[in-house]
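Colleague: I'd like to ask some things about the structure below.
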Amino acid sequence: MTTQPVLVSHALCPYVQRAAIVLKEKGVPFIRRDIDLADKPDWFLDVSPLGKTPVLLVEDTPIFESAVICDYLDEVFAPRLHPEDPLQRARHRAWVEFGSAMLNAIAGFYSAPDEDGLQRAAAALRRRFVQLEAALDSAPYFAGGCFSIVDAAFGPVFRYFDVFDRIGNFGFLDGLSRVQAWRAALAARDSVKAAVSRDYEDLLAAFLMQRGSALSARMRASSATLREAMH
Ligand SMILES: N[C@@H](CCC(=O)N[C@@H](CS)C(=O)NCC(=O)O)C(=O)O
């Protein structure tokens, strides 16, 4: 590759973070180009058939879909992050897909229109975490000592909960010691930290507040309580 790949991104997109983490793990320099998904530029629609971030521009070739981007990077750049064994590799790809389902469940949670829906979405997320607890049999990462693409997929999942935990106590990870340890190990990893900008949490909080959802209402209520307490 003669020119640096370009990661077409959005500041809050968790799927972009997967690719950014894998690029950083492999020490591949890249250019990050953020776009406004609410006002997609024509050049972006030309390279993104589904109109979604991320897209990785490699020379003149756009690659879309985060899992495909990660697999491509894994084939081209060392160190290998997927397992060598085909069965284990398939298992890892399956858990990356589980990570996508969790991102959908997270969107269901922060978009739930009322308290009932919020509680149902929280319970659905909790069930996913219980499934994860049963799937984890090693530490600190999904496959033990070796950081893998499954880890790159779950770093962005856990990051949401740093903000959710400030809004309320939903008990998502209560008693799930393996998931809690995995979350902590991922949060401490340089590549995971570097996948978002410094103002990410503020941007996410602003995004959540503007959803007009039950979670937004809780955020407004707790910031009103805080303002009252300060006066
Ligand atoms: N399956 C896709 C999902 C990507 C995705 O949903 N990206 C969101 C932002 S996080 C997006 O671009 N949404 C814009 C839209 O759907 O119009 C992947 O893994 O890359």
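The values are calculated or read from the model by the stated rules, or taken from the named source; none is laboratory data. Quick caveat, the model's predicted, so the values are computed rather than measured. Note that we place each Cβ from the backbone using ideal geometry, even for glycine, and neighbour counts take in every protein chain shown. In case anyone asks, the SASA skips ligands and DNA or RNA and just uses the protein heavy atoms, side chains included. Shrake-Rupley method; radii C 1.70, N 1.55, O 1.52, S 1.80 Å.
Colleague: From Gly117, Gly145, Gly171, which residue is under 19 Å from Lys24 (Cβ atoms), more than 16 Å from the ligand (Cβ to nearest atom) and not β-branched (Val, Ile, Thr)? Can you show your working first?
Modeller: On the way: Gly117 fails: under 19 Å from Lys24 (Cβ atoms); Gly171 fails: under 19 Å from Lys24 (Cβ atoms).
Criteria check complete, one pass: Gly145.
Colleague: Any idea which residue in region 146-162 is farthest from Ala20 (Cα to Cα), counting only those that are open to solvent by 10 Å² or more (accessible area, probe 1.4 Å) and over 11 Å from the mean Cα position of the chain (by Cα)?
Modeller: Per the criteria, the residue is Asp162.
Colleague: On to the next question. Please go through region 35-56 and pick out each residue that is over 16 Å from the mean Cα position of the chain (by Cα) and either under 26 Å from Phe154 (Cβ atoms) or assigned to a loop (DSSP other than H, G, I, E, B) (or both). Break it down into steps so the answer makes sense when it comes.
Modeller: In the first step, residues of region 35-56 are kept if they are over 16 Å from the mean Cα position of the chain (by Cα); the result is 35-51, 56.
Residues satisfying the conditions are Ile35, Asp36, Leu37, Ala38, Asp39, Lys40, Pro41, Ser48, Pro49, Leu50, Gly51, Leu56.
Colleague: Additional query: Just to be sure, is Val130 of a type in the set (Val, Ile, Thr), part of a helix (DSSP H, G or I) and closer than 24 Å to Val22 by Cβ?
Modeller: Details: of a type in the set (Val, Ile, Thr): yes; part of a helix (DSSP H, G or I): yes; closer than 24 Å to Val22 by Cβ: no.
No, not satisfied.
Colleague: Only one of Phe147, Phe142, Phe164, Phe154 is touching a helix residue (DSSP H, G or I) at 6+ places or on another chain (Cβ under 7 Å), under 23 Å from Ser111 (Cα atoms), at pLDDT 95 or above and aromatic (Phe, Trp, Tyr). Can you tell me which?
Modeller: Values: Phe147 fails: under 23 Å from Ser111 (Cα atoms); Phe142 fails: under 23 Å from Ser111 (Cα atoms); Phe164 fails: touching a helix residue (DSSP H, G or I) at 6+ places or on another chain (Cβ under 7 Å).
Going through Phe147, Phe142, Phe164, Phe154 in turn, just one is touching a helix residue (DSSP H, G or I) at 6+ places or on another chain (Cβ under 7 Å), under 23 Å from Ser111 (Cα atoms), at pLDDT 95 or above and aromatic (Phe, Trp, Tyr): Phe154.
Colleague: Please verify whether Gly212 is open to solvent by 50 Å² or more (accessible area, probe 1.4 Å) and over 30 Å from Pro79 (Cα atoms), treating the condition exactly as stated. Steps first, answer last, please.
Modeller: Details: open to solvent by 50 Å² or more (accessible area, probe 1.4 Å): yes; over 30 Å from Pro79 (Cα atoms): yes.
It is true that Gly212 is open to solvent by 50 Å² or more (accessible area, probe 1.4 Å) and over 30 Å from Pro79 (Cα atoms).
Colleague: Restricting the search to region 57-71, which residues are open to solvent by less than 70 Å² (accessible area, probe 1.4 Å) and either under 16 Å from the mean Cα position of the chain (by Cα) or without any contact (Cβ under 8 Å) to a residue 12 or more places away in the chain (or both)?
Modeller: Our first condition is that a residue be open to solvent by less than 70 Å² (accessible area, probe 1.4 Å); within region 57-71, this holds for 57-58, 62-63, 66-67, 69-71.
Scanning region 57-71 gives Ile63, Ser66, Ala67, Ile69, Cys70.
Colleague: Counting just the residues of region 50-69 that are near the ligand (Cβ under 9 Å from one of its atoms) and among the hydrophobic types (A, V, I, L, M, F, W, C), which one comes out farthest from Val16 (Cα to Cα)? Give the derivation first.
Modeller: Step one: list which residues in region 50-69 are near the ligand (Cβ under 9 Å from one of its atoms), which gives 50-55, 64-69.
Filter again for among the hydrophobic types (A, V, I, L, M, F, W, C), leaving 50, 55, 64, 67-69.
Working: Leu50: 14, Val55: 8, Phe64: 10, Ala67: 10, Val68: 12, Ile69: 10 Å.
Here the residue is Leu50.
Colleague: Further question: Test Ala11 against the stated conditions and say whether it is within 15 Å of the chain's Cα centre (by Cα), within 9 Å of the ligand (Cβ to nearest atom), open to solvent by less than 40 Å² (accessible area, probe 1.4 Å) and modelled with pLDDT of 95 or more. Talk me through it step by step, then tell me what you get.
Modeller: Working: within 15 Å of the chain's Cα centre (by Cα): yes; within 9 Å of the ligand (Cβ to nearest atom): no; open to solvent by less than 40 Å² (accessible area, probe 1.4 Å): yes; modelled with pLDDT of 95 or more: yes.
For Ala11, the condition - within 15 Å of the chain's Cα centre (by Cα), within 9 Å of the ligand (Cβ to nearest atom), open to solvent by less than 40 Å² (accessible area, probe 1.4 Å) and modelled with pLDDT of 95 or more - is not met.
Colleague: Given the residues Ala139, Ala123, Ala101, which is the only one that is over 17 Å from Arg18 (Cβ atoms) and in contact (Cβ under 8 Å) with a residue 12 or more places away in the chain? Give the steps one after another, and end with the answer.
Modeller: On the way: Ala123 fails: in contact (Cβ under 8 Å) with a residue 12 or more places away in the chain; Ala101 fails: over 17 Å from Arg18 (Cβ atoms).
Only one candidate passes the filter, namely Ala139.
Per-residue answers, yes or no, for (1) within 15 Å of Ile149 (Cβ to Cβ); (2) open to solvent by 40 Å² or more (accessible area, probe 1.4 Å); (3) within 21 Å of the chain's Cα centre (by Cα); (4) within 14 Å of the ligand (Cβ to nearest atom):
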site: Leu73; (1), (2), (3), (4): yes, no, yes, yes
site: Val76; (1), (2), (3), (4): yes, yes, no, no
site: Leu87; (1), (2), (3), (4): no, yes, no, no
site: Arg91; (1), (2), (3), (4): yes, yes, yes, no
site: Ala94; (1), (2), (3), (4): yes, yes, yes, no
site: Phe98; (1), (2), (3), (4): yes, no, yes, yes
site: Asn104; (1), (2), (3), (4): no, yes, yes, yes
site: Ala107; (1), (2), (3), (4): no, no, yes, yes
site: Ala112; (1), (2), (3), (4): no, no, yes, no
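Colleague: I would also like to ask the following. Can you confirm whether region 18-28 contains a residue that is open to solvent by 80 Å² or more (accessible area, probe 1.4 Å) and closer than 16 Å to Ser197 by Cα? Outline the logic, then answer.
Modeller: We begin by selecting, within region 18-28, every residue open to solvent by 80 Å² or more (accessible area, probe 1.4 Å); these are 24.
Applying the additional criterion that residues be closer than 16 Å to Ser197 by Cα yields 24.
Yes, some residue in region 18-28 is open to solvent by 80 Å² or more (accessible area, probe 1.4 Å) and closer than 16 Å to Ser197 by Cα.
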